[in-house]
Amino acid sequence: MTEAKNPQSSAAELPTQYTPGEVETSLYEGWVERGYFAADAKSDKPPYAVVIPPPNVTGSLHLGHAFEHTLIDALTRRKRMQGYETLWQPGMDHAGIATQNVVERELAKEGLSRHDLGREAFVERVWKWKAESGGQIAGQMRRLGDGVDWSRDRFTMDEGLSRAVQTIFKRLFDDGLIYRAERIINWCPRCLTAISDIEVEYQDDDGELVSIRYGEGEESIVVATTRAETMLGDTAVAVHPDDERYRHLVGKQIVLPLTGRRIPVLADEHVDPEFGTGAVKVTPAHDPNDFEIGRRHDLPMLTVMDEHAVITAHGPFQGLDRMEARSAIVAALRADGRIVAEKRPYVHSVGHCSRCKTTIEPRLSMQWWVKVGPLAQAAGDAVRDGRVAIHPREMESRYFGWVDHLNDWCISRQLWWGHRIPVWHGPDGELVCVGPDEEPPGGEGWTQDTDVLDTWFSSGLWPFSTLGWPEETESLAKFYPNAVMVTGYDILFFWVARMMMFGLYAMDGEIPFRTIALHGMVRDQFGKKMSKSFGNAVDPLEWMDKYGSDAVRFTLARGANPGTDVPIGEDWVQGSRNFANKVWNATRFALMNGATVEGPLPAEAELSTTDRWILSRLNAVVADVDALYDDYQFAKLSDVLFHFAWDEVFDWYVELSKTTFAAGGPAADASRRVLGEVLDVTLRLLHPVIPFVTETLWTTLTGRESLVIADWPAASGFRDAAAEAEIVKLQEVVTEVRRFRADQGLQPGQRVPARVELSGAGLQEHEAALRQLLRLQPEGESFAATASLPVAGATVALDLSGTIDVAAERKRLAKDLAAAEKEKTQAEAKLGNEGFLAKAPEPVVAKIRTRLAKAEEDIVRIGAQLERLPQA
RNA sequence: GGGCGCGUAGCUCAGCGGUAGAGCGCUGCCCUUACAAGGCAGAUGUCGGCGGUUCGAACCCGUCCGCGCCCACCA
């Protein structure tokens, strides 16, 4: 064996199996300590910035986070290797209502409510929770290998970001884009707060549609409702203006049952005469449509429920919960003979609080609003004019559909956990919006608004608030706009659209990021949604402990087709672990055989065909992977790397190199350098997705400091089509002979005397390797060919000493013959088709001709082989 | 009611106009000195149905059936 340039001891350091364990943790801490992930705003390098979609501090990360982090980490690691000043901005979201609910549930276990503590103590308590949850999340991120700049860690409620919130609030307020108004809002009677339209989840519930007769005799009209309890607040009945049936009643007053109140019948365009009876009860204070009708007709707004959705209207129903009231009122109406029809069950769409699933109660309420018109217009335009690209493209329509038909955004929440609205109320109802450096108005009777802001208000500022805005920091100048926003399609409206609106507004029309790359949701191995209640949710830590972070990451990346959901099962993670182990062992082999990265690659003339083949393929793969990264095709690039590494490098190049190494000499030296090169580059290519195992192997292989700061491979442009074709041919010959051996029941290790004739295929160079791969002995003196296998112009004759299984061989050949004949028929049919010849492009026709020629050749060859077989 | 998308090997999914693919699973042989978390060989599909366009369709068009998601003020 030739002296290796690499210390032989390095291979001995590697055990025969890859065990991720604590290796991963210590590697990660080393990376952080050495400052690899720190982003320097003063750097001359071009910037590449991505913000983390800040996880809610409601607990710990799930597999969906691991997925998203894998993608962002891979992107940023590659860019860092490419020489960009890379910032992966970490941080977390206070997640107002979600976190408040979690802490309230914790309190409930102690038998306490937030009111027992009072606002200040409760908020204190939430901060304590935040510290715990935040610590847990940071730990998970480190375990995953997230290359974030921890020195820049932010929280949506930290001092700087609170300042950003106050600044933009003030600016919007002064621009007239934030206002206060009393409207029907979505009220959660459990969370006791207003929520925005998109925080309402609609689902089909079973209800009961009752038709109730209002008024008496001639002057009566039947209305239908699923919410009978709201009739207590009815202040009109509406019909369509053109509806002949009710024309005589319009303008009249009729008696509202159970109350004795007289309410008008009025005409309004909104009413659909086709629906139900064509008459609608109008409850302006408890239904958004009715509210609009009420506004148009100047109706009284009669509130009959309190914030808990308990009836407040005077009378027998007072104090009843809305659901109790519903049945009580229906019963009372039935007793009065006023129920003229009932439909049960009646399936209809009902809104629920997305946080606690309680049925939403539309409620008339004074709230703060953002006037989204101009902001949404700009957000839509930025995508329309191509300044921001949405990937995958199909998601654009969803974005436009939302941004272009947006109602004003209710931003106030009656919660305690969040950014307090910076407006002070004066004794006479004055409103003063207070900016960050301003003193709130003093004096008697001035109090700060008690509401807090919707949590998405602060996260909407994330791409620039994390960089120091409103200060004009170096970081802001360097890293805004971000390169890409990687996030789930489920929060396109909640978050992405808001960042677009606020980014463009606060940064004077500058977009927050150039590309929006939307990923799907992680699902279980059967494609089912993961959820705790369904019992199929997985703690990423569990799998990381069992199989390593790399395995989890690789599995997630392999499933990441743009915008589509990602199924993941434990078996698949196991498969990825196996891949990591394979890479591990291939590198061990290389080290044991003196593979090296030292010195220049041997000149082309010194390289064997095999070397040139693998280098040619390597360069093709580098180019492919680059293109796929630029298109956010994580699944495909992972697949390309998986197959290149395993099928081509490990199963063929490494196997072929064994012969070369055994022979020694300059060819072996050249191969050692090429193997070193191929592994070096392959490890670099794999590093962004599986950083840990690649780091361990690469530093051992190269003796250099770290792959994290290594250069990303550049395709050299070296390609050798002839070498590629030659190796493909060699693979054909080897596979064919192996197939024969398997069919003949030969044991894989059994040596067989053989005579090989490879010059016809131009494969002479590979005879030694071929003999090694096929376990073929020299023919010896008494050689008697009992089987002769012609393939691809080469012939391999084997001496099976008369033990050939004729039946098996006949079966195999018959099958091949049938395939060749089918092939011939198909090709002939094509070539006999004038339309095809006239219209098909030349390369296609040529391909068919080649196929036909090969099929004919095969038929002759196989026929001859069959003939040579002894009769059974 | 609108909009988007999906039905391809047992499972989960790629492919989106020129001989049907991957991973896992399955069958057989093998502990061949990097790796049994491995090697080699193999089996498996009327590409949801029906029409149409085309020399040629899993891929384009129409239609039907079955799913999923998003949006919408169905009393």
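Summary of values
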quantity: All positions within segment A:143-162 that are surrounded by fewer than 18 Cβ atoms within 10 Å (Cβ to Cβ) and part of a helix (DSSP H, G or I); calculated: A:TRP150, A:SER151, A:GLU159, A:GLY160
quantity: Enumeration of residues in segment A:21-30 that are at pLDDT 85 or above and either surrounded by fewer than 15 Cβ atoms within 10 Å (Cβ to Cβ) or near RNA strand B (Cβ under 8 Å from one of its atoms) (or both); calculated: A:SER26, A:GLU29, A:GLY30
quantity: Some residue of segment A:838-859 being in contact (Cβ under 8 Å) with a residue 40 or more places away in the chain, closer than 30 Å to A:ARG741 by Cβ and either more than 46 Å from the chain's Cα centre (by Cα) or not in a helix (DSSP H, G or I) (or both); calculated: yes
quantity: Counted residues, segment A:744-768 - those being within 16 Å of RNA strand B (Cβ to nearest atom) and open to solvent by 10 Å² or more (accessible area, probe 1.4 Å); calculated: 9
quantity: Residue that is surrounded by the most Cβ atoms within 10 Å (Cβ to Cβ) [pool: residues in segment A:527-546 that are within 18 Å of A:MET141 (Cβ to Cβ) and not charged (D, E, K, R)]; calculated: A:PRO540
quantity: Count of residues meeting criterion [touching a Gly at 6+ places or on another chain (Cβ under 8 Å) and either assigned to a helix (DSSP H, G or I) or buried (at least 21 other Cβ atoms within 10 Å of the Cβ) (or both)] in segment A:363-382; calculated: 1
quantity: Boolean, A:THR230 is among the polar types (S, T, N, Q), farther than 25 Å from A:VAL310 by Cα and touching a helix residue (DSSP H, G or I) at 6+ places or on another chain (Cβ under 9 Å); calculated: no
quantity: Residue in segment A:802-814 that is near RNA strand B (Cβ under 10 Å from one of its atoms), open to solvent by less than 30 Å² (accessible area, probe 1.4 Å), touching a Phe, Trp or Tyr at 6+ places or on another chain (Cβ under 8 Å) and within 20 Å of A:ASP743 (Cβ to Cβ) present; calculated: yes
quantity: Where a residue in segment A:759-775 is free of Cβ contacts under 8 Å to residues at least 40 places away in the same chain and its partner, wherever it lies, is open to solvent by 20 Å² or more (accessible area, probe 1.4 Å) and among the basic types (Lys, Arg), with Cβ under 7 Å and at least six apart; calculated: A:ALA761/A:LYS729; A:LEU763/A:LYS729; A:ARG775/A:ARG751
quantity: Criterion violated by A:VAL310 - all others in (1) at pLDDT 90 or above; (2) over 28 Å from A:ASP268 (Cβ atoms); (3) open to solvent by 70 Å² or more (accessible area, probe 1.4 Å) satisfied; calculated: (3)
quantity: Flag if A:TRP646 is within 16 Å of A:GLU724 (Cα to Cα) and of a type in the set (Phe, Trp, Tyr); calculated: no
quantity: Search result, residues across segment A:200-214 that are surrounded by 21 or more Cβ atoms within 10 Å (Cβ to Cβ) and either in contact with a Cys (Cβ under 8 Å, 6 or more places away or on another chain) or not β-branched (Val, Ile, Thr) (or both); calculated: A:TYR214
quantity: Listing of strands (runs of 3 or more DSSP E) fully contained in segment A:691-802 that carry 1 or more residues being acidic (Asp, Glu); calculated: A:752-757
quantity: Qualifying residue in segment A:569-584 (condition: outside any helix (DSSP H, G or I) and either surrounded by 23 or more Cβ atoms within 10 Å (Cβ to Cβ) or near RNA strand B (Cβ under 8 Å from one of its atoms) (or both)); calculated: yes
quantity: Qualifying positions in segment A:516-555 - closer than 27 Å to A:ASP631 by Cα, among the aliphatic types (A, V, I, L, M) and more than 12 Å from RNA strand B (Cβ to nearest atom); calculated: A:ILE516, A:ALA517, A:VAL552
quantity: Residues within segment A:236-277 that are open to solvent by 50 Å² or more (accessible area, probe 1.4 Å), in a loop (DSSP other than H, G, I, E, B) and within 14 Å of RNA strand B (Cβ to nearest atom), tallied; calculated: 7
quantity: Count - residues of segment A:130-139 that are open to solvent by less than 10 Å² (accessible area, probe 1.4 Å) and under 16 Å from A:ILE72 (Cβ atoms); calculated: 1
quantity: Pairs where the first residue, in segment A:727-752, is under 23 Å from A:SER608 (Cα atoms) and of a type in the set (Ser, Thr, Tyr) and the second is open to solvent by less than 40 Å² (accessible area, probe 1.4 Å) and more than 10 Å from RNA strand B (Cβ to nearest atom), C-beta under 9 Å, 6+ apart; calculated: A:THR735/A:VAL791
quantity: Filter result (closer than 19 Å to A:TRP456 by Cβ and not in a loop (DSSP other than H, G, I, E, B)) within segment A:35-62; calculated: A:VAL51, A:ASN56
quantity: Answer residue from segment A:199-226, given it is not small (Gly, Ala, Ser) and not in a strand (DSSP E or B) and is nearest to the chain's Cα centre (by Cα) among those; calculated: A:GLU199
quantity: Every pair of residues 6+ apart whose Cβ atoms lie under 8 Å, when the first sits in segment A:122-141 and is under 12 Å from A:MET92 (Cβ atoms) while the second is outside any helix (DSSP H, G or I) and of a type in the set (Gly, Ala, Ser); calculated: A:SER133/A:GLY59; A:SER133/A:SER60; A:GLN136/A:GLY59; A:GLN136/A:SER60; A:ILE137/A:SER60; A:GLN140/A:SER60
quantity: Criterion: closer than 30 Å to A:LEU431 by Cα and away from RNA strand B (no atom under 12 Å from the Cβ) - qualifying residue of A:LEU333, A:LEU406, A:LEU375; calculated: A:LEU375
quantity: Strands (runs of 3 or more DSSP E) contained entirely in segment A:416-515, each with at least 3 residues that are under 22 Å from A:ALA378 (Cβ atoms) and within 16 Å of RNA strand B (Cβ to nearest atom); calculated: none
quantity: Failed item in (1) at pLDDT below 90; (2) β-branched (Val, Ile, Thr); (3) within 16 Å of RNA strand B (Cβ to nearest atom), with A:VAL383 passing the rest; calculated: (1)
quantity: Segment A:293-307, residues that are in a helix (DSSP H, G or I), out of contact with any His (no Cβ under 9 Å at 6 or more places or on another chain) and surrounded by fewer than 17 Cβ atoms within 10 Å (Cβ to Cβ); calculated: A:ARG295, A:HIS297
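Rundown of residues vs (1) farther than 24 Å from A:GLN750 by Cβ; (2) surrounded by 15 or more Cβ atoms within 10 Å (Cβ to Cβ), yes/no style:
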| position | (1), (2) |
| --- | --- |
| A:VAL791 | no, yes |
| A:ALA829 | yes, no |
| A:LEU837 | yes, no |
| A:ALA846 | yes, no |
| A:LEU852 | yes, yes |
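So that you can scan it fast, the table gives a plain yes or no per residue for (1) in contact with a Phe, Trp or Tyr (Cβ under 7 Å, 6 or more places away or on another chain); (2) within 13 Å of RNA strand B (Cβ to nearest atom):
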residue: A:GLU124; (1), (2): no, no
residue: A:SER162; (1), (2): no, no
residue: A:TRP187; (1), (2): no, no
residue: A:GLU208; (1), (2): yes, yes
residue: A:TYR214; (1), (2): no, yes
residue: A:VAL222; (1), (2): no, yes
residue: A:ALA228; (1), (2): no, yes
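The values are calculated or read from the model by the stated rules, or taken from the named source; none is laboratory data. These numbers come from a predicted model, not from an experiment. Cβ sites come from the backbone with ideal geometry, for glycine too, and all protein chains shown count toward neighbours. Accessible surface is based on the protein model in full, side chains and every heavy atom, while ligands, DNA and RNA are left aside. Shrake-Rupley method; radii C 1.70, N 1.55, O 1.52, S 1.80 Å.
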